[in-house]
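What follows is calculated from the coordinates using simple rules that are stated; it is not laboratory data. Here the structure is a predicted model, which means the values were calculated and not measured. Backbone-built Cβ (ideal geometry, glycine too); neighbour counts: all protein chains shown.
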Ligand SMILES: Cc1cc2nc3c(=O)[nH]c(=O)nc-3n(C[C@H](O)[C@H](O)[C@H](O)COP(=O)(O)OP(=O)(O)OC[C@H]3O[C@@H](n4cnc5c(N)ncnc54)[C@H](O)[C@@H]3O)c2cc1C
Ligand code: FES
């Protein structure tokens, strides 16, 4: 707590100093347009939403959405769920149909990685060597899966459709799967592959699941649920290595928390050890980068040298780090990896591009979902380390919510198969409605009655 | 292909042919009909694909399951007896001519 406060003050102090002392023309005033409109780099949730909001907010210039992938923006969450299970097909994943791009005059440049960017001349360079000119630029470059070095064939990561197709292909003939990393994507892959009849083991370096992204109470429930459905879990894993036969995976080696060595037969391994934000272009543009592209509450990027906002360049989604009052560490900037964040921050970014500044700062309540087996998990708020947690509903029935409190205030709610609690919790948090742990724990108490009318 | 009638926020009516096996949500998304956000892409997690179904069409739909009913409690616009999540309405020949109305907001 105390350290958080100190860090928070430091961060605020640094920004304030930069604003007052160093104005070298790197940021601040908006440059006059010299031609060729808005370019959005990255075709996913944030990129598509920036285009839509910029048009809705009245931007009439040219818009180009440039993306490295061969597909127009599509929904990623099903890749580890319905798509992996074979219950959803590619056509059902579109975020916006062809009519959107035609009617809103958004030019799509597919299979076009941008490899260089220049702020003085306001250009981008494609991998094919073409130069693209821009007046306004949006970075929606997202994040990429972290990988392990030197892995044999059939050790896969899962971030995009090409990865998912490869995974589906290898999984079709695999019997033994090892998932490395017990985060949401690893656990979803484990659940789906287990449902497809594979023998699945999750190997986790920490001593619990979801160490980065969930409260211990929820993580324990998820661990029990996976074990009960046949997934094996190995915690405290060290020295993870791969056995192979002529370069093709045959097994995963790891020692457990007690130091015992295990060799797990495997014809497929899925590596889910987190993501790294794609910040290279921002760095080339002289923008502030700190494990994420730093943006202000209006989604403007920040000049690295002066610390001043750059009004003609915005960023949104998984690639950014932004100020947020929802952060349990007050004053620290936050990097989120979620559809909600990509979509809601992009709405701010699009409005800022069109209008100079969005009418409202970015302040949406963070929420996230994950589907594993028959469990629909929905999380809202950023809980940090709660000092009080109460359960609403019955854990044994797989239908309940955990209400987390810090300093007497509700800070987050994890729901399992209780979408109504989740939807209500979003409103409780957004309106900062006071709720007591006693009220939350009492299933007979109507929490809706606390909401302002 | 079944035709689904979408009534937009401004009252415009759009008759759209939507392929069997897709959803009323996808029909709107694929044709850039604004008013359905569908942030979760049909995972039944976001409640931003809310529509009001024409009352006389309600009987043609399979009733909402438990998850959909709970999510409907949290829709941003007014919840009415005809409220449904359009990602959960699978398009079949039996739904030809179905009419849905976009709510005033999704978030
Ligand atoms: C398997 C899986 C399951 C998930 N499940 C959930 C879930 O259940 N709920 C949830 O809320 N979130 C989930 N997520 C996270 C969610 O998908 C991300 O938060 C979201 O996609 C972020 O969107 P984005 O637009 O910021 O970036 P991204 O989706 O990362 O997209 C960035 C795009 O930019 C392109 N790009 C990057 N650099 C360049 C360049 N230099 N030139 C051209 N193009 C470039 C990339 O190719 C990519 O297409 C899941 C993610 C995965 C992978
Ligand atoms: S699209 Fe999210 S609930 Fe229907």
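Given a Förster distance of 45 Å, report the FRET efficiency between residue A:208 and residue A:433 from their Cβ-Cβ distance, rounded to the nearest 0.05. Show your work: numbers first, answer last.
Details: r = 31 Å, r/R0 = 0.69.
E between residue A:208 and residue A:433, to the nearest 0.05, is 0.90.
Provide Rg and Dmax in Å for region B:52-94, with only Cα atoms included in the calculation.
For region B:52-94, the Cα radius of gyration and maximum Cα-Cα distance read 10.4, 30 Å.
At residue A:355 and residue A:89, where each label point lies 7 Å from the Cα along Cα→Cβ, what is the point-to-point distance in nanometres?
4.2
Sorting A:200, A:66 on the 10 Å Cβ count, fewest up front, what's the list?
Values: A:200 26, A:66 23.
Fewest-to-most ranking of A:200, A:66: A:66, A:200.
Counting only other chains, and only Cβ atoms inside 10 Å, what mean value do you get across the residues of B:34-43? It would help to have the intermediate numbers written out before the result.
On the way: counts 5, 0, 0, 3, 4, 9, 8, 13, 7, 11.
Counting other chains' Cβ atoms within 10 Å and averaging over B:34-43 gives 6.
Tell me the Kirkwood hydrodynamic radius of the protein assembly as shown in angstroms, computed as one over the mean inverse distance between distinct C-alpha pairs. It would help to have the intermediate numbers written out before the result.
On the way: mean 1/r = 0.0403 Å⁻¹.
By the Kirkwood definition, the hydrodynamic radius is 24.8 Å.
Does region B:3-101 come out rounded, prolate or oblate by the C-alpha gyration tensor, with a ≥ b ≥ c the root eigenvalues, rounded set by a/c under 1.5 and, if not, prolate when a/b is larger than b/c and oblate if not? Kindly include the intermediate steps, with their values, before the conclusion.
Working: a/c = 1.31, a/b = 1.22, b/c = 1.07.
Judged from the Cα gyration tensor, region B:3-101 comes out rounded (a/c under 1.5).
For residue A:168, put the label point 7 Å out on the Cα→Cβ axis and report which residues of region B:28-60 keep their amide N under 20 Å from it.
It comes to B:30, B:40-44, nothing else.
I want the antiparallel fraction of DSSP beta bridges within chain A, as a percent rounded to 5. Could you put the intermediate results ahead of the total?
Numbers: 54 of 86 bridges.
Around 65 percent of the beta bridges assigned by DSSP in chain A are antiparallel ones.
Among DSSP beta bridges whose residues both lie in chain B, state the antiparallel percentage, nearest 5. List each step's numbers first, then the result.
Details: 11 of 15 bridges.
Here the antiparallel bridges make up roughly 75 percent for chain B.
Report the rotationally averaged projected area of region A:147-273 based on its alpha-carbon convex hull, in square nanometres.
Working: hull surface 29.5 nm².
Answer in nm², one decimal: 7.4.
By how many nm would the segment from residue A:443 to residue A:60 grow when fully extended, if each residue of separation counts as 0.36 nm and the alpha-carbon distance is taken off?
Roughly 132.7 nm would be gained on extension.
Please compute, for peptide B:48-57, the average count of beta-carbon atoms on other protein chains lying within 10 Å of each residue's beta-carbon. Don't jump to the answer; show the numbers that get you there.
Details: counts 1, 0, 0, 0, 0, 0, 0, 0, 0, 0.
Whole-number average of other-chain Cβ neighbours for B:48-57 is 0.
Ignoring everything except DSSP H segments at least 4 long, calculate the 222 nm mean residue ellipticity for chain A; use -39,500 (n - 2.57) per segment, divide by total residues, nearest 500. Spell out each step's value before the answer.
Numbers: 10 runs with 113 residues, N = 453.
The helix-only estimate for chain A comes to -7500 deg cm²/dmol at 222 nm.
Quick one: length gained pulling residue A:29 to residue A:131 fully straight, 0.36 nm per residue minus the C-alpha distance? Walk me through the intermediate numbers first.
Numbers: separation 102, 0.36 × 102 = 36.72 nm, distance 2.51 nm.
Going from the current span to full extension adds 34.2 nm.
Quick one: A:62, A:55, fewest Cβ neighbours within 10 Å first, how do they rank? Mind dumping the intermediate values first?
Numbers: A:62 16, A:55 19.
Going from sparsest to densest Cβ surroundings: A:62, A:55.
Nearest 0.05, what FRET efficiency do residue B:54 and residue A:227 give at R0 = 60 Å with Cβ-Cβ as r? If you can, show how the numbers build up before the last one.
Numbers: r = 47 Å, r/R0 = 0.79.
FRET efficiency, residue B:54 to residue A:227: 0.80.
Above 24 angstrom, tally the Cα pairs of region A:207-325 and express them as a % of all pairs, no decimals.
Numbers: 3726 of 7021 pairs.
Summing the P(r) tail past 24 Å for region A:207-325 gives 53 percent.
Compute the relative contact order of region A:354-410 as a whole-number percentage, counting only Cα pairs closer than 8 Å that sit 6 or more residues apart in sequence. Before the final figure, lay out each step's value.
Values: 56 pairs, mean separation 13.0, N = 57.
It comes to 23 percent, rounded to a whole number.
Residue separation times 0.36 nm, minus the C-alpha to C-alpha distance between residue A:397 and residue A:280: what's the value?
Values: separation 117, 0.36 × 117 = 42.12 nm, distance 4.70 nm.
Answer, rounded to one decimal: 37.4 nm.
Can you give me the three principal axis dimensions of region A:359-453 from its C-alpha atoms, in Å, biggest first?
43, 28, 27
Using a 10 Å cut-off on Cβ to Cβ distances, tally the other chain neighbours for every residue of A:194-201 and report the average as a whole number.
Details: counts 0, 0, 0, 0, 0, 0, 0, 0.
Mean shielding count: 0.
I need A:184, A:74 ordered by Cβ neighbour count within 10 Å, fewest first.
Values: A:184 26, A:74 23.
Ascending Cβ contact count within 10 Å gives the list A:74, A:184.
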